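The values are calculated or read from the model by the stated rules, or taken from the named source; none is laboratory data. As the structure is a prediction and not an experimental result, all values here were calculated from the model. Counting neighbours? That spans all protein chains shown, and the Cβs are built from the backbone with ideal geometry, glycine included.
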Amino acid sequence: MRYVEYRDAIQAELRRNTAGLTWAQLQARLQLPYDRPCPAWTKRLENEIGLQRTKRDGRSLIWGIRKRDLA
């Protein structure tokens, strides 16, 4: 999977689920071939699509798109 395909899939899924999703949920829904998110790609997503990860109970992070970037 190329970065552009990864970015577009994650962006579309997070736009459909505005409350956010965990990495495990994204991985399962999109059938991503990665065990963990690539740190370099995650950083690019923060800059390009407004990815925001917020801490939840335990160790999981909720992935979402900043409100101002949803429009």
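Odds and ends about this structure:
- Matching residues, the range 29-50, being in a loop (DSSP other than H, G, I, E, B), within 12 Å of the chain's Cα centre (by Cα) and exposed (fewer than 13 other Cβ atoms within 10 Å of the Cβ): Arg36, Cys38
- Taking the criterion of being in contact with a helix residue (DSSP H, G or I) (Cβ under 6 Å, 6 or more places away or on another chain) and either without any contact (Cβ under 8 Å) to a residue 24 or more places away in the chain or aromatic (Phe, Trp, Tyr) (or both), the only residue of the range 42-58 that qualifies is Gly50.
- Selection within the range 1-20 - at pLDDT 95 or above and surrounded by 15 or more Cβ atoms within 10 Å (Cβ to Cβ): Tyr6, Arg7, Ala9, Ile10, Gln11, Glu13, Leu14
- Considering only residues in the range 52-68 that are part of a strand (DSSP E or B) and charged (D, E, K, R), the one that is surrounded by the most Cβ atoms within 10 Å (Cβ to Cβ) turns out to be Arg53.
- Hits in the range 51-71 (condition: under 9 Å from the mean Cα position of the chain (by Cα) and small (Gly, Ala, Ser)): Gly64
- Selection within the range 16-28: residues that are small (Gly, Ala, Ser) and part of a helix (DSSP H, G or I). The member of this set that is farthest from Met1 (Cα to Cα) is Ala24.
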